[in-house]
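Computed from the coordinates by the stated procedures, all read-outs in this text should not be read as laboratory data. Predicted, not measured: the structure shown is a model, and the values here were computed from it. Quick reminder, even Gly has a Cβ in these numbers, built from the backbone with ideal geometry, and neighbours come from all protein chains shown.
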Amino acid sequence: MQTETDYLTKEKFAELEKELGFLKTTKRKDVADALEYAKSLGDLSENQEYQEARDSQAVLEDRIKRLEQILKSAAIVSTRSSDVVAVGSMMTVEKESDKSRKVYTIVGSEEADASSGKISIRSPLGLSAMGKSKGGTFSFETPNGMMSYKIIDIK
């Protein structure tokens, strides 16, 4: 199975490492304690606390596995000034239909947060903008039709 590269800033990489450490130590112990307590209550087939503890354990282990996968395949990017849009670039774009301007930072999927202007490299806008220069235009298909943008600035 080929894993895709996860692009992360140094800060996000450190944050995910810290979360992984917490989950593997403190949180794992808390879930194990909850399981032990639930087992002590008796009949496991009708024990709701036991089922909830098992569900919590499954969610925890899934998150640990996901974090390990992300950190293993991570490529650290630095926010840098560039002539072309790349991961870590902050770009100002102008929508060609109404001339409205927005500022976006291209980030890896784990850091994407549209509400704060961080868009994934794998999003339609992110993919379309990659490699484009200041003054360049790009378009991509959306459920509402084709969207076209012009790159005003890249930092």
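Worth a mention:
- Kyte-Doolittle mean at least 0.5, axial Cα span of 27 Å or more - DSSP H helices of the chain: none
- Charge sum, other residues only, whose C-beta stays under 12 Å from residue 39's C-beta, Lys/Arg counted +1 and Asp/Glu -1: -3
- Mean ellipticity per residue at 222 nm, deg cm²/dmol - from DSSP H runs of n ≥ 4 across the chain, formula -39500 (n - 2.57): -12000 deg cm²/dmol
- Each distinct pair of alpha carbons in the chain adds a 1/r term; the inverse of their mean, the Kirkwood radius, is 18.3 Å.
- FRET efficiency for the pair residue 33 and residue 122, taken as 1/(1 + (r/R0)^6) with r the Cβ-Cβ distance and R0 = 35 Å, rounds to 0.35.
- Taken over segment 90-154, the alpha-carbon convex hull comes to 82 cubic angstrom per residue.
- Ellipsoid equivalent to segment 6-77 - semi-axes via the Cα gyration tensor, in Å: 33, 11, 6
- Counting Lys and Arg as +1 and Asp and Glu as -1 over every other residue whose Cβ lies under 12 Å from the Cβ of residue 93, the net charge comes to +4.
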